[in-house]
Structure formats: C-alpha cells, structure tokens
1. Taking Cα atoms, how many degrees apart are the long axis of helix 33-45 and the longest axis of the chain, rounded to 10 and kept between 0 and 90?
2. So, in nm, how far is label THR74 from label ARG19 when the simple model puts each one 7 Å beyond its Cα toward the Cβ?
3. Sorted from largest down, give the three principal axis spans of the alpha carbons of the range 5-45, whole angstrom values.
4. How long is the gain from ARG51 to GLU5 if the chain were fully straight, where each residue apart is worth 0.36 nm and the alpha carbon distance is subtracted?
5. Mind listing which trypsin sites (Lys or Arg not before Pro) in the range 61-99 are in a DSSP loop and have 12 or fewer other Cβ atoms within 10 Å?
6. Could you work out how far helix 115-124 tilts from the main Cα principal axis of the chain, as a 0 to 90 degree angle to the nearest 10?
7. Would you work out the relative contact order for the chain, in percent, from Cα pairs under 8 angstrom that are 6 or more residues apart?
8. What is the range 48-152 by shape, rounded, prolate or oblate, if you read a ≥ b ≥ c off the alpha carbon gyration tensor as root eigenvalues and call it rounded for a/c under 1.5, prolate for a/b larger than b/c, and oblate otherwise?
Amino acid sequence: MELDERDLRILTLLQQDSRISNADLAEQVGMSASALWRRVRSLEDAGVIERYGAVVNPVEMGLGFEAIVHVHLTRHDPDRIVEFIRAVEVSPAVQDCYATTGQSDYHLRVLCPDLAAYNEFLEGFLFRLPAVASAQTNVVLRAIKRNRPVTV
C-alpha cells in the first residue's frame, strides 16, 4: 500500500492518541468522518495499523528491573530454534525478541520486578531451554527513548 500525506497524518495522530474520536480525527485531517473511517479501515486491512493500545509505565506496574539479554544458541537446529521462539513468545517477562546478525543470535528485552526475579527468569526459564548456550545481560539504567511513533 502506498501511503500519501493524509495517511501519514492519520497515522501520526493515531500514534499520539489512539483514543481520538473518528470525528476529531476527521476534522484534524480535513476529511469527512465516513471517508476517514474507510481510510483507517484500509490502513488496518493492509497491515499498516497492526493494533491499538496504551503505553504503560513498567515501574508503576511493579516491573522495576529491565535488561537487554544477548542470547547465544548451542547450534542452529531448526527444531530447537522453533522451541526457543515459542518459549520466549509466551514468557511474560520477555517484552521484545529480535533475531539479529552479529555475535548474538537473539536479543531479548526483559522486564522483572527485581534482580531476584530476573535471576529466576534466567535459571528457571532461559537456561532450561535446550537451544540456549549462554546469555549476556546488560542492565538498563534508564530509558532514553522508547515507544516513539513510527515516522517516514
């Protein structure tokens, strides 16, 4: 789907406030409410808009420990990789998982209540996965930039 300036404006406004009413969004974009609704629907159908949601503060939810975990696999056995991926997809502690190039095979962003809970995540979950050879942890001291709108 090719995006025009109106689409980009709609996406910017929805990323700033996904609870904006259709009427207010239409007014800010300069479209009729029905035309805007069809445009948003087509952005959803095309997969440009994946979902709507709220951005929450993890510390306020009791998740004060954040780490980036660099995971090295034992070997690249397809069955073990699938098992690893399925496990991290369902782990509530794993917020993000990226397969990347470079020294590590995967990078995880992990949230836990505290260091003890993170240690339990490592020993009780991550190191029990057969595909995992080792992991290196970088503790997040503070977030500089996160959850920013996607722009072109």
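Where a number appears in this text, it was derived from the coordinates with a stated rule and is not lab data. The shown structure was predicted, so the numbers you read here are calculated from the model rather than taken from an experiment. So basically every Cβ, Gly included, is an ideal-geometry build from the backbone, and we count neighbours across all protein chains shown.
1. Between the helix axis and the principal axis of the chain, the angle is about 30 degrees.
2. Here the modelled spin labels are 4.8 nm apart.
3. Per principal axis, max minus min of the Cα coordinates gives 21, 21, 19 Å.
4. 14.5 nm
5. Here the trypsin sites (Lys or Arg not before Pro) that fit, given the DSSP loop and packing criteria, are ARG75.
6. With both axes taken from Cα atoms, the answer is about 70 degrees.
7. In percent, rounded to a whole number, it is 28.
8. Details: a/c = 1.82, a/b = 1.30, b/c = 1.40.
In terms of gyration-tensor shape, oblate.
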